[in-house]
Amino acid sequence: MGAWRGKRCGPRTVAAVGLVVLAAGAAVACQPAGLGSATVAYTTDRTATAALERRHVDVNWLTCTGGQGDGGGGGSPSPAETTVVTVDCRGETDDRRKIVVTGRVTKAVDGACVRGDLKAEVGGRQVFRVNGLGDCAARPGPTYRPPTYRLPTYRPPTYRPPAGEPRPTVTVTVTRTVWPVPGK
């Protein structure tokens, strides 16, 4: 960061940065059925945590990452192929047991469900192996809603004299400046 201090970005730098952002957005937008690594990781984190807690596992923390494909060719799937996102989650219970959730996801509804082959282990013991987590009939909603803050409206205090005292009066003084007229 220190190297950028005081330097200006020229039009070429701004254009290059813009193209990189546009290309990244296009890559995410072109993923079939919105099945992106970040969406799958986020949704698996939420749904796996809920599934573990329903099985009386007190989740302290859980973090998931997703990767396109099964680690093979690295190319884009054709429209006839099913997109697969591998997911790997690591975490810990309140009593410090290790949590591992892994699998391959073929469908995701943002924040609501993942479908595929998922397995969870807590402390080395398998807790579940399922074909999906969450409710895929749910309507996808925004994954993040920023908090709304409503600041109170400031109203200056009003002066009310005690009973029997006269209200204060306002005196306005107007000052007029007269400039001398040249030649007089």
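The values are calculated or read from the model by the stated rules, or taken from the named source; none is laboratory data. Only a predicted model underlies this, so the values are computations on that prediction, with no experimental measurement involved. Virtual Cβ from ideal backbone geometry, glycine too; neighbours counted across all protein chains shown.
What about residue 105, is it outside any loop (DSSP other than H, G, I, E, B) and either modelled with pLDDT under 75 or under 26 Å from the mean Cα position of the chain (by Cα) (or both)?
Details: outside any loop (DSSP other than H, G, I, E, B): yes; either modelled with pLDDT under 75 or under 26 Å from the mean Cα position of the chain (by Cα) (or both): yes.
Against the criterion (outside any loop (DSSP other than H, G, I, E, B) and either modelled with pLDDT under 75 or under 26 Å from the mean Cα position of the chain (by Cα) (or both)), residue 105 qualifies.
Looking at residue 105, is it surrounded by 20 or more Cβ atoms within 10 Å (Cβ to Cβ), more than 14 Å from residue 50 (Cα to Cα) and touching a Cys at 6+ places or on another chain (Cβ under 8 Å)? Quick ask: steps written out before the conclusion?
On the way: surrounded by 20 or more Cβ atoms within 10 Å (Cβ to Cβ): yes; more than 14 Å from residue 50 (Cα to Cα): yes; touching a Cys at 6+ places or on another chain (Cβ under 8 Å): no.
Taking the combined requirement at face value, the residue does not satisfy it.
Checked against (1) modelled with pLDDT of 85 or more; (2) farther than 28 Å from residue 54 by Cα, residue 86 passes all but condition (2). Among residues that are in a helix (DSSP H, G or I) and either at pLDDT 90 or above or on the phi < 0 side of the Ramachandran plot (or both), residue 41 is included.
Determine, yes or no, whether residue 93 is over 18 Å from residue 129 (Cα atoms), hydroxyl-bearing (Ser, Thr, Tyr) and at pLDDT 90 or above. So residue 93 passes the test.
To keep it simple, each residue is scored yes or no on (1) modelled with pLDDT under 90; (2) more than 23 Å from the chain's Cα centre (by Cα).
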| site | (1), (2) |
| --- | --- |
| 65 | no, no |
| 72 | yes, yes |
| 81 | yes, yes |
| 109 | yes, no |
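Among the residues of the range 111-138, those that are assigned to a loop (DSSP other than H, G, I, E, B) and out of contact with any Phe, Trp or Tyr (no Cβ under 8 Å at 6 or more places or on another chain) comprise 112, 123, 124, 135, 136, 137, 138.
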